[in-house]
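Every read-out reported here was derived from the displayed coordinates using simple, explicitly stated rules and does not represent laboratory data. Nothing here was measured: the structure is a model prediction, and the numbers come from that model. Neighbour counts run over all protein chains shown; Cβ positions are idealised from the backbone, glycine included.
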Amino acid sequence: MCDNIFKLKRRSGKKSGKAFEGRLPVAEVEKRYRIAEQRYSESGVDAESAIKQLAAIALSIHCWQGDDVGGFEKPGASLSGGGIQVTGNYPGKPRNMVEFRFDLEKVYSIIPGKHRLNLHAIYGEFEGKEVDRDGIEPEHFKGWAEWAKQGQIKIDFNATCFSHAMADSGFTLSSKDKGIRSYWIEHVKRAREISAWLGREQRDPCIHNLWIPDGFKDFPVDRYGYREILKNSLDEIYKIEYLPDEMKDSLESKLFGIGSEAFVVGSHEFYLGYGLSRGKLVCLDLGHFHPTEVVADKLSSLLQFSDELLLHVSRPMRWDSDHVVVLNDDILLLGQELIRCGRIKDIHIGLDFFDATINRIGAWAIGARSVLKALLIALLEPHEKLLEYEQRGDYFARLALLEEMKLMPYGDVWNYYCYQNGCPLESEIIGTIHDYEEKVTAKRD
Ligand code: RNT
Ligand code: ZN
């Protein structure tokens, strides 16, 4: 296995032996970029600076697209329970940690830039031992810490409060059963301890995100009671304080899930209140709001009152379906708001999608690259000029310039950025994924 992900990235970029269909000669990539750069400069945009800014943005790549949210507690697992669902059974799913990391390294080699890894507690290395969730320890994540150090990757972490018999009642931290509640409180405490340990190891704060599935299929009569229990469980968990340079906590709300249509204990209002009153980060998942609600619009509100926030970039289709992120209007708007608000350093960008009906590595790469493309397009916006029109009250000119920018050659800037990073160009993605499938994943049973 490769010892440094960025070496792998450079190798794959310079891979001269295999020219995938659609590969452009380097001179052509550069030529097209120079023309694009010139066109942007005519609109007052510095493409070189946009590229530099993009390179400084780290996504937190979610590990769970790699194996259908299965983890390594038991062989062949995949997500169950909690109102989230993985559909599909595409061949080539990694069978063990070695294969899983191999796929992950491939994914990093396709995504330009330096990115983080978002781990779930079920991805520990338990070495065949039955380690229950209330028994996880930093030692189970030593392998990850070493892997990350070699690849110069920082890790984020999540407690896993689903896919477990103790979550079968549909309740975890807000359960009225003290035994169930204490079990999950212990799990989350341990997940935070592991996060703090990772943060110290990597000398960079590890974001620990908490999402729980708790809720009812049909109308409850004691909404208040469940929310009060959740508040108390959280207060108990967060009694243990860690330094902000070790770890930071975030809490993820949801509107509804399959099996929790009528009531979700951890709603947006609940965690907004909890986060703001307790100094915790709020996590906004793009699939966790009403279908017509614009999540991008929430950033500038939340950031007035919170120093930082976490995003789970996803693509809901009719429900919280966690489709692979593509460059659609929602993502373009999110990219624009991330850049326009001027607080990108305070926003942690996590990914959250999983699709097992298509090539998993392809899904991973497309989703991550789509988020980066949206950010690049936003960085290539003539911000000052647009602001000037807006402040002058010339809303027609604002509209016209935004329309004009939609026809700009951002694809040539993106391809140049990919080339600079030793990553496949847009037209090489299919060949890259097919090649890996043929050589690696198709050989798995
Ligand atoms: C579920 C939440 C949660 C999970 C991951 C696996 O609806 O979005 O973030 O997707 O923790
Ligand atoms: Zn999420």
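For the chain, modelled as a GNM whose springs connect Cα atoms under 10 angstrom apart, the maximal fluctuation among 76, 342, 92 occurs at 342.
Ordering 233, 321 by the number of other Cβ atoms within 10 Å of each residue's own Cβ, fewest first, gives 321, 233.
Neighbours of residue 222, meaning other residues whose beta-carbon lies under 12 angstrom from its beta-carbon, give a summed charge of +2 when Lys and Arg score +1 and Asp and Glu score -1. For region 257-320, the gyration tensor built on C-alpha atoms gives an oblate shape. Its axis ratio a/c (a ≥ b ≥ c) is at least 1.5, and a/b is not larger than b/c. For the chain, the pair-distance distribution built from all alpha carbon pairs, in bins 10 Å wide starting at 0, is 4, 21, 31, 26, 13, 5, 0 percent. Here the peptides 42-53, 78-89 are ranked by packing, the mean other Cβ count within 10 Å, and the order with the highest first is 78-89, 42-53. Packing, taken as the mean count of other beta carbons within 10 Å per residue, orders the peptides 66-75, 26-35 from highest to lowest as 66-75, 26-35. Enter the Cα centre distance for the pair region 346-396 and region 144-170, rounded to the nearest angstrom. Centre-to-centre (Cα) distance: 26 Å.
In terms of the mean number of neighbouring beta-carbon atoms within 10 Å, the peptides 287-295, 389-397 order highest first as 287-295, 389-397.
Relative contact order (percent) for the chain, with alpha-carbon contacts under 8 angstrom and 6 or more residues of separation?
The normalised contact order for the chain reaches 22 percent.
In terms of other Cβ atoms within 10 Å, 319, 147, 364, 64 run from fewest to most in the order 319, 147, 64, 364. Here the contact order of region 55-96, divided by its residue count and restricted to Cα pairs under 8 Å and six or more residues apart, works out to 33 percent. Annotation for region 41-65 versus region 291-344: alpha-carbon center distance of 16 Å.
The ranking of 408, 247 from fewest to most other beta carbons within 10 Å of each one's beta carbon is 408, 247.
Relative contact order for region 285-400: 27 percent, from Cα pairs under 8 Å spaced at least 6 residues apart, divided by residue count.
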